[in-house]
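The values are calculated or read from the model by the stated rules, or taken from the named source; none is laboratory data. Just so it is clear, the structure is predicted and the values come from calculations on it, not from any experiment. We place every Cβ from the backbone using ideal geometry, glycine too, and count neighbours over all the protein chains shown. Heads up: the accessible areas ignore ligands, DNA and RNA and are worked out on the full protein's heavy atoms, side chains in. Shrake-Rupley method; radii C 1.70, N 1.55, O 1.52, S 1.80 Å.
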Amino acid sequence: MKNICFLNSTKSWGGGEKWHYEASTYMHSKGHNVLVVTNKESELYNKLKGSKVNSIPLKIGNFSFLNPFKIKKLKSILKDYKIEIIVINLSEDLKIGGLAAKQVGVDKIIYRRGSAIPIKNTFFNRYYFKNIVTNVLANSIATKETVVAKNPNLFPENKIKVIYNGININNFINKKYTPIYTKQNEDEIVITNLGRLELQKNQKFLVDLAYKLKKMNINFKMIIGGEGRLKQDLINQAKNLDVIDQIIFTGFIDNPKDLYYSGDIFILPSLWEGFGYVLAEASLCKKPILAFNISSNPEVVVDKKSGYLLEPDINIFAQKINDLKSNPSKMSEMGKFGFSFVNENFDSSTSLNKIEKFLIDDDDKKTKVSALLITYNEENNIEEILNDLRFTNEIIIIDSFSTDKTEELSKKYNNVTFIKRNFKNYTDQKSYALSLAKNNWILFLDADERISLSLKNEIIYTINSSNPAAAYFMYRIFMYKKEKINFSGTQRDKNYRLFQKNKVKFDPSLIVHETLIVNGNTKILNNKLLHYSYDSFDAYKIKMVRYGKMKAQEDFAKNKKATPFHLYIKPIGKFLEHYIIKLGVLDGTKGMIICYLYALSTRKRYTVLSKLHNGKQE
């Protein structure tokens, strides 16, 4: 059992405080020794009075970390309770709580991040995230990405864990409710919204939307639930736009189901969300959702399935409302899908189990992975690929004496080992990189490749699975000048990119398109790499010509000869193969260019091979 402290000093009650209450009471129920440090005047403190969880009141402000007496008091609390793990919710709490925890030797100092607002790249933040915080717990993938949005090196990505806020679904579904509004007639459509009346929640958009709907002669009622500083401003806005009769401002809603079941559609125009509880709750009430396509909303709302994720445009929202109003079966279908999706993904029992595992598990037990790159003049690619690889445990770059800023840019990253080495061929260079890897799992990429969030998550899941394969292929999506190439021979391109070091080696007989010899079974990952190989015609021409020359050297070592067939017919055949058989014609002008370069590479291969047999060097 662990000794765990939850530190949250805010007075008000919101999603973060709800999380701390549920997490602390759950960890206590599992037998852990739990302490909550919070403000005596807070709702969290009042709710904990009715539980068996120990709580200590402590008032904390933004400058409390400068108060030696307050630091001493907090250190004494942590020492007395022999705290091993501390979870901190607010930035002002982190300043003092992180410092006190570090000084008394708390093993795990966790910053629980619940807002999808980028963390500023300040001296204070750089110091704390480098020297004090050991882990970050985010409530959504969007929130996770904002931790390093301003500074990719602020904190190791593999130390940021995403666990969604959970909902006690059975309790929510079974809770009784009384609708606060009844439709005046069958033609009326009722729109609902629930949240604090603050700038973040952007209810001003809703009042403007009401004005637009009225101009379109749509029969509607809008219910806006919640309290906040902007309530009177919103009422005045509604009066000025002459929509006050169409909008009900309910004030504080004790039972959200009273509001959800009063409406047909739930709208959330928030400018950002850490995790939209109300979206999940509305879906459990089988209501279709309209929301901005921002921050964590795509993780809770499945676009075109449980609702619509839209651009912040009044006209678009108004049209979607009108479309749904005229299609009740679509509203019902979306509501049912949302209900199933939330049931499957956001149940609190699952989330709380994950929280316990995250808090008490030792990170050293997790499988580690080494990322390897070989580079030459990759200043245009290196930062993007290194950002993609932040989740790995080490990055090794073997560079062929680049003459641009590749080295300078690479060395900005803390976990990068940069080694300069003369380039002989691809197999030799990659074999050397592989020999340096400290970990058994290897992710070997090219600098012009990119990892999507889905692929990254699949890689992490795969290497931690119970019975992984020896090596994994990855398909690649080819990009030419930022546009996708669908055909031209690229559609079935796949390479080994993820594998176990002790079960593979590079085939020494192949020096261009290096190939792994795998001792064990192989599989294919579902998600694809993005491959920005075709940056420009000139760049790709140089690349293909270089491949042709190296392939000639490979052929020469095997004593292969270049005949007139190879020199004149095979390049034409290569063009026709990629342009006709592999459907390059469907890629338009870009397809023709790519197929031409395949042919040029083939021609160069056999021209160089012929010269080598004649004693000439290219």
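Only protein heavy atoms count here; under a 1.4 Å probe, residue 278 has an accessible surface of about 30 Å².
Within the set [x] 26.6; [y] 33.3; [z] 36.0, the number that mean projected area of the Cα convex hull in nm² takes when calculated for this structure is listed as [y]. Rounded to the nearest 10 square angstrom, residue 421 shows an accessible area of 60 square angstrom against a 1.4 Å probe.
Remark: relative contact order (the stretch 220-375) = 17 percent; criterion is Cα-Cα distance under 8 angstrom and separation of 6 or more residues. Between the amide H of residue 310 and those of 291, 292, 293, distances stay under 5 Å, these residues lying 5 or more places away or on another chain, with hydrogens modeled in the peptide plane. Protein-only accessible surface at a 1.4 angstrom probe places the residues 90, 279 in the order 90, 279, largest first. Look at the dipole of the chain built from charges on Cβ: of 457, 38, 302, the Cα furthest out on the positive end belongs to 457.
Summarising the strand pairing of the chain, around 20 percent of its internal DSSP beta bridges are antiparallel.
When the chain is described by a simple charge dipole with +1 on each Lys and Arg Cβ and -1 on each Asp and Glu Cβ, the residue from 475, 343, 218 located farthest towards its positive end is 475. Shape of the stretch 32-115 from the C-alpha gyration tensor: rounded (a/c under 1.5, with a ≥ b ≥ c the square roots of its eigenvalues). Element breakdown for the chain at a 1.4 angstrom probe: carbon and sulfur atoms account for 49% of the accessible area. In this Cβ point-charge picture (+1 for Lys and Arg, -1 for Asp and Glu), the chain has a dipole of about 1520 debye about its Cα centre.
For the stretch 30-70, the dipole from Cβ point charges (+1 on Lys and Arg, -1 on Asp and Glu) about the Cα centre works out to 140 debye, to the nearest 20. Take each peptide in 68-75, 297-304, count the other Cβ atoms within 10 Å of every residue, and average; sorted highest first, the result is 297-304, 68-75. Got the relative contact order for the stretch 134-282 handy, in percent, Cα pairs under 8 Å and 6 or more residues apart? About 29 percent, as a whole number. Classify the stretch 362-507 from the C-alpha gyration tensor, please: rounded if a/c falls under 1.5, else prolate or oblate depending on whether a/b exceeds b/c. Taking the square roots of the gyration eigenvalues as a ≥ b ≥ c, the stretch 362-507 is rounded. Pick out, from 274, 416, 401, the residue whose Cα sits farthest towards the positive end of the charge dipole of the chain, with +1 on the Cβ of Lys and Arg and -1 on the Cβ of Asp and Glu. Sorting the options by dipole projection puts first 401.
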